[in-house]
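Here is the structure we will look at.
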Amino acid sequence: MDRNKFSSIAHSKHLFSNPISETKINRIIDFLQLEPHAKVLDIGAGKCELLIRLVEKYDIEATAVELYEGSILEAKQQVQKRIPEEKITYIVKDAKQVVSEYVNRFDVGICIGSTHALGGLELTLQSLKRNVKKGGFILVGEGYWKKKPSQAYLEALGGADESELKKHHENVFMGESMGLVPIWSVVASDDDWDEYEGLYAMSMEKYCYENPNDPDCDSMLNKIRSWKRTYLTWGRDTLGFGLYLFQNQ
């Protein structure tokens, strides 16, 4: 079973592939107050909904880094309907290589739910700080522990290590320790999480019901149903997700 295929199907009904509500994301977009033609970099841009909205509101120039071709195809379909196609440049390569090439070039650097691509939150903040001009903004989305995770939950996550995530305030303080100024942070509520996880599971169930001859259906259904039980048993009370907006001063 292809991981990207699974994620694409499970996220097919999501506007954004993270549990932060649309209202909260739009509020952060409003905070940015970008000038026309500002340059924005998004690592792990997915279907590019955030970049499309930034173009719609501010007429920015966007660079989208995304390894999954299927997500780029979906992004291009939306772009054709909503904004000039030349407004987003798509890069399909390793994110570490990309950030090393673009020093002090962007007005905004974004990485939401994809910090693993750059080696974790700390390395992501360090990289984006180099990419973003003085006075520019860095927006990251990262998980955090609401409480100490049980060993059973870590095992259900595939043998995850508690040290892989920090607490919410520690995510904020990490950026601050690098000289970044925390401007705003917001977290997914229980309702936000339920909406996200509900759509995630429902999309997969619907796909497999409508495509019973797909050879991956059994494994995908086993995976999504196991994930749903894991979320309800431990994840809802233990795992958080936050958006963190910093200014590079």
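The values are calculated or read from the model by the stated rules, or taken from the named source; none is laboratory data. Note that this is a predicted model, so its numbers are computed, not measured. Please note: Cβ atoms are built from the backbone with ideal geometry, for glycine as well, and neighbour counts cover all protein chains shown. For accessibility, only protein heavy atoms count, side chains too; no ligands or nucleic acids. Shrake-Rupley method; radii C 1.70, N 1.55, O 1.52, S 1.80 Å.
Of the residues making up the range 1-41, those that are free of Cβ contacts under 8 Å to residues at least 40 places away in the same chain and among the hydroxyl-bearing types (Ser, Thr, Tyr) number 1. When Lys167, Lys146 are screened for being over 21 Å from Asp107 (Cβ atoms), in contact (Cβ under 8 Å) with a residue 40 or more places away in the chain and surrounded by 13 or more Cβ atoms within 10 Å (Cβ to Cβ), only Lys146 passes. When you check Tyr58 against the structure, is it in contact with a Leu (Cβ under 7 Å, 6 or more places away or on another chain) and either at pLDDT 95 or above or polar (S, T, N, Q) (or both), yes or no? In short, yes. When residues in the range 206-229 are screened for being in a helix (DSSP H, G or I) and open to solvent by 80 Å² or more (accessible area, probe 1.4 Å), 10 of them pass. The single condition among (1) surrounded by 13 or more Cβ atoms within 10 Å (Cβ to Cβ); (2) part of a helix (DSSP H, G or I) that Leu232 does not satisfy is (1).
Criterion applied to Gly179, Gly135, Gly119 was being surrounded by fewer than 16 Cβ atoms within 10 Å (Cβ to Cβ), closer than 22 Å to Ala38 by Cα and small (Gly, Ala, Ser), and the one residue passing it is Gly135.
Cβ separations smaller than 6 Å between residues 6+ apart or across chains give the following pairs from the range 222-241 residues that are under 11 Å from Ala156 (Cα atoms) and in contact (Cβ under 8 Å) with a residue 12 or more places away in the chain to residues that are crowded, with 17+ Cβ neighbours inside 10 Å and not aliphatic (A, V, I, L, M): Tyr231/Glu197; Trp234/Tyr153.
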